[in-house]
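For reference, the structure is listed below as structure tokens.
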Amino acid sequence: MTMDLRDLAGEVLAGIGTRPARTALTILGTVLGIGTLVTTLGVSATAGDQIAGRFDSVTATEITVDVNPPARPDSPPTVRWAALDDLARLNGVEAVAAYSQSPAGQEPAVRANTLRDPERVLDRTLPLLGASTALPAAARTEISLGRFFDDGHIRRRDRVAVLGEQAARLLGVTRIDNQPAVFVAGVPFTVVGVLGPVRRADQQGLTGAVIVPWTAADDTLHLGPASSVIVTTSLGAAPLVAGQAPIALSPDDPAAVRVQAPPDPAELRTGVAEDVSGLLLVLGVVSLVVGALGIANVTLVTVMERTAEIGLRRALGARRRHIAIQFLLESTVVGLLGGIIGASAGIVAVVVISVARQWTPVLDAGLAAAAPVAGAAVGLLAGLYPALRAAGMQPVDALRGPG
């Protein structure tokens, strides 16, 4: 007995359409598996792109340079204040600032007036920073009240101060139009401005500090040379600037400064996408395995229910391979239909989620094209055991029916 493709296709379609409800539920398992797989990979790629994009626009442009103190008090400074101009001239540098800071545990006492009330604690122990003029731009902050000091204040060694947001609140400074003064270790400084929120994560200490021109800080508490340099670069320039900064700041001893540069944005983008994809891919594979088990179970049940039909066909001359091919094709077609529907549902889900989050959807055309093939492969593998079992039935035993 021979069976041409037309007869085989008719038998396959008849077998699939015999119980449409059961077939629909079987296809649903593959739809869920393929749909979950396409959705998770698409959403992870889209989310990874968004996360990396946000990182690129902020953290990837921030460099911090920690300066080692001079070996001896009479040694020249590791980084001279004038060296900031050399660093600022590098291509890609948008803002560069430096500051010296009072040592930890030795912060000066700061008060907003000279009155001494025994019933109130007026002295506040706050960090004192002697900074250059570009500090707001480099630290990603603005002035909420007044202004920041300028080069004229630094040249004249003026005793002016800018308070961090938290420091102003602790000292009770809410306005500057009346030229309030704060006393740092007993030395008066006129408050000319108050900082707003600091958006740079590694410079949150500025919110609780008293910031004065570095010349005045050196006069008042002898803070000395710069201990930290912060740089803001254009996007993509941070790796190059980080490599050039030690030579620009300390040409005699570049090893005396330690540069903290952000990781490469391209590596981060790849890492985020891989991490998220790896996590969600497991969920998609699990769903796909569940769908495959559903196909295998339903196909096996179908084989048991059609035992008499298999026996009759074997008795009429059908060979084992004809029976095996028929059931393999039935499970493959079910998997293929599930793959097509699942891929379509997954693409729609990615687009809907992206639109809801105002993201740009990232869709892999290769994945969408491969999803139906993957569904067919899952159906083929799932139907392998039931098909072999059907092909292994002896005609006499099969004609007797299940028992």
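The values are calculated or read from the model by the stated rules, or taken from the named source; none is laboratory data. Computed from a predicted model, the values in this text were never measured in an experiment. Cβ sites come from the backbone with ideal geometry, for glycine too, and all protein chains shown count toward neighbours.
Answer yes or no: is there a residue in the range 139-146 that is surrounded by fewer than 17 Cβ atoms within 10 Å (Cβ to Cβ), at pLDDT 90 or above, basic (Lys, Arg) and part of a loop (DSSP other than H, G, I, E, B). No: the range 139-146 contains no residue that is surrounded by fewer than 17 Cβ atoms within 10 Å (Cβ to Cβ), at pLDDT 90 or above, basic (Lys, Arg) and part of a loop (DSSP other than H, G, I, E, B). In the set (1) out of contact with any Leu (no Cβ under 6 Å at 6 or more places or on another chain); (2) surrounded by 18 or more Cβ atoms within 10 Å (Cβ to Cβ); (3) modelled with pLDDT under 75, residue 301 fails one condition alone, (2). Scan the range 217-229 for residues that are in contact with a helix residue (DSSP H, G or I) (Cβ under 8 Å, 6 or more places away or on another chain) and either polar (S, T, N, Q) or buried (at least 24 other Cβ atoms within 10 Å of the Cβ) (or both) and the total you get is 2.
Residues that are modelled with pLDDT under 90 and in a helix (DSSP H, G or I): does the range 61-79 have at least one? Within the range 61-79, one or more residues are modelled with pLDDT under 90 and in a helix (DSSP H, G or I).
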